[in-house]
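Q: Take a look at this one; I'll ask things after.
The values are calculated or read from the model by the stated rules, or taken from the named source; none is laboratory data. The structure displayed is predicted, hence computed values, not measured ones. A quick note on method: Cβ atoms are made from the backbone with ideal geometry, for glycine too, and the neighbour counts reach across all protein chains shown. Protein only, heavy atoms only, side chains kept; ligands, DNA and RNA dropped before computing areas. Shrake-Rupley method; radii C 1.70, N 1.55, O 1.52, S 1.80 Å.
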Amino acid sequence: MPSPPAGNDVIAAIATAPGRGGIGVVRVSGRDLAAIVDGIVGRSLKPRYASYARFKNAEGETLDEGIALYFQSPHSFTGEDVLELQGHGGPQVLQLVLERCLELGARAAEPGEFSRRAFLNDKIDLAQAESIADLIDAQSREAARSAVRSLTGEFSSHVHKLVEGLVDLRMLVEATLDFPEEEIDFLAKADAFGKLAGIDAHLTEVMRQARQGALLREGLNVVLIGQPNVGKSSLLNRLAGYEAAIVTEIAGTTRDALRESIQIDGIPLHVTDTAGLRETDDPVEIMGIARAWKAIEHADVALLLIDASHGVGAEEAAILARLPAIPRLTVHNKTDLAGGAARLSPAGDEIWLSAKTGAGMDLLRQRLRELAGWQAAGEGVFMARGRHLVALAEAAGHLIQARQNLPALDLFAEELRLAQIALDAITGEFSADDLLGEIFSRFCIGK
């Protein structure tokens, strides 16, 4: 665990969102806030007690009035003394209160510095710290619930149990290495390989839940492609639930990529409507088509729309051949004109629907959930980030190598150690300072 930074510096920031509101909060944290409390409130404060107070400037004039809360170290979010001044939510009055705190010796907090101090003072681990930002940025109720589970330590608890299992197993292996002359087979007697199988099974389940949490956090990038006038914009509007894109009978109406974020059962979907892919001499349309292919490069799923009346032709086949290796779904649109019922092919790679009437849209939503990899995980999903998935996959790889290295116990033990290091990086037991700086710099100021 990294050591807290040296010095007795006090930090302060406006902790509520920019703009006007009924209540605004200025937060202060440091090792000794007595001078700041006296300078702005004019008296000492009872810890963990809401006190009505007038917030005053150096001349004793009232800047604002509201509630002052004082949390004495270590019983605070950051583990330091914390002062929260809850006043009116006008930008100017909050700035006046903040400036008074700075006059009294505080400095402006950096983004995420309150959360970073909480981490450095062992109030939360790194996964919990990240979940604070994830909770603020949650795009759905499911994402918010998952972030709360991570914030309360559910994800970290799983990681700690995995690490404890690895430590226990490493001790058994090290005992065998240190006392080879003993008749007792430590590993067999302690069911070491059964323990390894248990760790592996637990890790597999944690990875599954983490992938679901990462999906809730990041969402799925879906791109709509096809010839002009096949109904891409109509499908986007149907998915969004309102007219996000202009729909006309004129080919080439969509000239630029239009991105809308929607939700399907709490899963964020970032849907991009693109210009019709065709040969053209129109310079503006050519630029739109180039942007369409650029959007395809960054997509997780491609929906190729075609007119249900003529099916897949040479032009559509050429588009399919050029697509990158990502999941794709051929959408036969306009079944209301071509005839036939909405349906999904047995292989799940083609669907017939009508964006105009809505027939088949439930089938499309269900198929998009499946392509996203969403599973009904119930209440067990916790929020996870890309780096967490990488660390879990790295740990799983070391467990595979551990089994393959048997009966070379020294190599077996080393792979167990590397797996433990990978897992410890999730909670911050072993994390480089540059990684911490990257993580916390993305937080809001005041958190």
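Q: Against the condition open to solvent by less than 20 Å² (accessible area, probe 1.4 Å) and modelled with pLDDT of 85 or more, how does ARG107 come out, does it pass?
A: Taking the combined requirement at face value, the residue does not satisfy it.
Q: Now a separate question. Any idea which of ARG208, ARG238, ARG217 is within 18 Å of ALA299 (Cα to Cα), assigned to a helix (DSSP H, G or I) and open to solvent by 30 Å² or more (accessible area, probe 1.4 Å)?
A: Going through ARG208, ARG238, ARG217 in turn, the sole match is ARG217.
Q: If you check GLU61, GLU65, which single one turns out to be within 13 Å of ARG100 (Cβ to Cβ) and open to solvent by 50 Å² or more (accessible area, probe 1.4 Å)?
A: GLU61
Q: Checking GLU142 against (1) open to solvent by 60 Å² or more (accessible area, probe 1.4 Å); (2) in contact (Cβ under 8 Å) with a residue 24 or more places away in the chain; (3) closer than 16 Å to GLY446 by Cβ: exactly one of these is not met. Which one?
A: (3)
Q: When residues of region 110-124 are filtered for being buried (at least 22 other Cβ atoms within 10 Å of the Cβ) and either in a loop (DSSP other than H, G, I, E, B) or among the β-branched types (Val, Ile, Thr) (or both), how many remain?
A: Of the residues in that region, 2 qualify.
Q: Please find, among ALA355, ALA308, ALA299, the residue that is touching a residue at least 40 places away in the same chain (Cβ under 8 Å), crowded, with 21+ Cβ neighbours inside 10 Å and within 29 Å of the chain's Cα centre (by Cα).
A: ALA299
Q: Consider ASP81 against the criteria (1) open to solvent by 50 Å² or more (accessible area, probe 1.4 Å); (2) out of contact with any helix residue (DSSP H, G or I) (no Cβ under 7 Å at 6 or more places or on another chain); (3) of a type in the set (D, E, K, R): it satisfies all of them except one. Which criterion is unmet?
A: So ASP81 meets the others, but not (1).
Q: Let me ask something additional. Here's a check for you: in region 311-349, which residue that is on the phi > 0 side of the Ramachandran plot and more than 30 Å from the chain's Cα centre (by Cα) is surrounded by the fewest Cβ atoms within 10 Å (Cβ to Cβ)?
A: GLY339
Q: Any residue in region 399-427 that is at negative phi and free of Cβ contacts under 8 Å to residues at least 60 places away in the same chain sitting within a Cβ distance under 6 Å of a residue that is in a helix (DSSP H, G or I) and among the polar types (S, T, N, Q)? List the pairs, counting only those 6 or more apart or interchain.
A: From region 399-427, the pairs are LEU411/ASN405; GLU415/GLN401.
Q: For region 374-387, state whether one or more residues are in contact with a strand residue (DSSP E or B) (Cβ under 7 Å, 6 or more places away or on another chain), open to solvent by 10 Å² or more (accessible area, probe 1.4 Å) and in contact (Cβ under 8 Å) with a residue 24 or more places away in the chain.
A: yes
Q: Something else: Sort through LEU411, LEU423 and tell me the only one that's open to solvent by 70 Å² or more (accessible area, probe 1.4 Å), modelled with pLDDT of 85 or more and assigned to a helix (DSSP H, G or I).
A: LEU411
Q: Does LEU98 satisfy the condition of being over 21 Å from SER44 (Cβ atoms) and open to solvent by less than 30 Å² (accessible area, probe 1.4 Å)?
A: When the stated conditions are applied, LEU98 passes them.
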